[in-house]
Amino acid sequence: MPKSQQPDSLRICLLSYRSNPYSGGQGVYIRYLSRSLRDLGHKVDVISGQPYPELDDGVNLFRLPSLDLYSQPIFSRIIPKPPKFASLTNLREWIGVCTGGFPEPFTFGQRAYEFLSSRARQYDVVHDNQSLAYGLLKIQNLGVPIVATVHHPITLDRDITMEAATSWRQRMGIRRWYSFLDMQGKVARRLSHIITVSESARIEIANAFQISRDKLHVVYNGIDTEFFTPIDGGNRLANRLLVVNSGDMPLKGLRYLLEAVASLRLQRDLELVIVGSPMENSPTERLINKLGIDDCVKFTGRIEIAKLVRQYALATVVVVPSVYEGFGLPAAEAMACGAPVIATRGGALPEVVGDAGILVPPSDSQALAEATSALLNNPEELRRFGELGRKRILRMFSWQNAARRTVEVYREAHQD
């Protein structure tokens, strides 16, 4: 339950342009950070675009609906609906989507500014979650301190996706989709306080956005260790690998795990469960068919958190094959559930996993296959890594600590 309101409590406004509670990390971040800030006695409001987050009692949600075009079939996206174009922001969103862009960060920022233009001074700080939109600068000009969280520089997503492109047409589409990054870099350079979630991300963000590391504050994410916990009496299945791949993007390195599974299938029967769904006729689906492993690969689709915990409980090993991670929530969640973890050294994963799991080079299917085979053949190591992982998460990654450290950044921004 939240503490009673203290004289030095803050009035906090959290901004999140999309906050899906079941897919990706933004909805998770908003829910747990807002809850923990509330528990410290602060007043917390969340302003979010679609999909909206699930929030706890005592945290207010203000919905800023967008056109939500990405949730609609492609034909519906391009058919104009005049009533929705009552605002210039809606029109810009529709045009952006129809021309292959990703306008949501920009249009959310504009809507947030319009919403806060007469309310901003109700807050001691406005905290943006990853949009880095021009609207933030307008809000800043209203006289309220701005803090932004950047989980990792999306320039890395763009660059890795470009490397995977196979035609000039694909590369042109990728450049268009990621054109919002120019805005994010400009906005980041004009903010004084930016939170990121690992030392690795701090270095990458400073380089990508050409900003001083001094304005970047590392606050590790937390894990809900009461929810993400070993299941009493649960028995892990034999030879079952699990990977969380909600985005189906080259950055997540699923290709290398699929190649490793194809190699391992020559030695043993095994099953790979992928939490997520492939895009229709995606490179992932084509690679699975090419490797001839469609009989041992299963997609769960989008699942609720309780079912995700169950998947962690059933897995023999959880594999995180990412080329880069700004933090790596699936690794931390799996460890909290007592699941043995194999991860790459991509980005912040060594900071999260430490010596409580096996680390291999990124983009290396052979290393993944060798590490997985060795661990599957060693029941004692499976047990030991499961225990070490749970202990590491309990010791290092709590949302209470994350909230306290975040408040320190708020106070610093408020004093400047």
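With a ≥ b ≥ c the root eigenvalues of the C-alpha gyration tensor of the range 233-277, is it rounded (a/c under 1.5), prolate (a/b larger than b/c) or oblate?
It comes out oblate by the Cα gyration axes.
Rounding to the nearest 20 debye, state how big the charge dipole of the chain is about its Cα centre with +1 on each Lys and Arg Cβ and -1 on each Asp and Glu Cβ.
The dipole magnitude comes to about 920 debye.
Given the rule -39500 (n - 2.57) for each run of at least 4 DSSP H residues, summed and divided by the residues of the chain, what is its mean residue ellipticity at 222 nm, to the nearest 500 deg cm²/dmol?
-13000 deg cm²/dmol
Quickly rank 282-289, 311-318 as a protection proxy: mean count of other C-beta atoms within 10 Å, highest first.
311-318, 282-289
What do you get for the angle between helix 254-264 and the principal long axis of the chain? Use alpha-carbon atoms, 0 to 90 degrees, nearest ten.
10 degrees
What is the packing order of peptides 217-226, 113-122, taking the mean over residues of other C-beta atoms within 10 Å and listing the highest first?
Highest mean packing first, the order is 217-226, 113-122.
What angle, in degrees between 0 and 90 and rounded to the nearest 10, separates the Cα long axis of helix 305-314 from the longest principal axis of the Cα atoms of the chain?
For 305-314 against the chain, the angle is about 20 degrees.
Can you sort W168, W177, W399 so the residue with the fewest Cβ neighbours within 10 Å comes first?
Arranged by neighbour count, lowest to highest, W168, W177, W399 become W168, W177, W399.
Separation of the range 244-295 and the range 341-390 by C-alpha centroid, Å?
Computed from Cα coordinates, the inter-centre distance equals 18 Å.
From the C-alpha gyration tensor of the range 240-396, pull out the three semi-axes of the equivalent ellipsoid (sqrt of 5λ each), sorted largest to smallest, in whole Å.
22, 17, 15
Could you work out how much longer the chain between N377 and R11 gets when fully extended? Use 0.36 nm per residue separation minus the Cα distance between them, nm to one decimal.
126.4 nm
Taking amide H positions as placed in the peptide plane 1.01 Å from N, state which residues far from V244 in sequence (5 or more) or on other chains have amide H under 5 Å from it.
Sorted by chain and number, the residues that satisfy this are V275.
For a 30 Å ceiling on Cα separation, which of these pairs sit above it: K307/K391; K186/K252; K138/K215; K138/K307; K215/K307?
K138/K307; K215/K307
Residue by residue, what Karplus-based ³J(HN,Hα) values in Hz, rounded to whole numbers, does the range 125-131 have, using 6.51, -1.76 and 1.60 with θ = phi - 60° and x for Gly and Pro?
3J(HN,Hα) across the range 125-131, in whole Hz: 7, 10, 10, 8, 9, 6, 6.
I need the semi-axes of the equivalent ellipsoid of the range 141-247: take the C-alpha gyration tensor, multiply each eigenvalue by 5, square-root it, list largest first in whole angstrom.
Rounded to whole Å, the semi-axes are 32, 25, 12.
Counting other beta carbons within 10 Å of each residue's own, what order do F227, F106 fall into, fewest first?
Fewest-to-most Cβ neighbours within 10 Å comes out as F227, F106.
Among rounded, prolate and oblate, which fits the chain when a ≥ b ≥ c are the square roots of the eigenvalues of its C-alpha gyration tensor, a/c under 1.5 means rounded, and a/b larger than b/c means prolate?
Oblate shape, in that a/c is at least 1.5 and b/c is the bigger or equal ratio.
Laboratory data are not the source of any read-out in this text; all were calculated from the coordinates shown. These numbers come from a predicted model, not from an experiment. Here the Cβ is made from the backbone with ideal geometry for all residues, glycine too, and neighbour counts use every protein chain on show.
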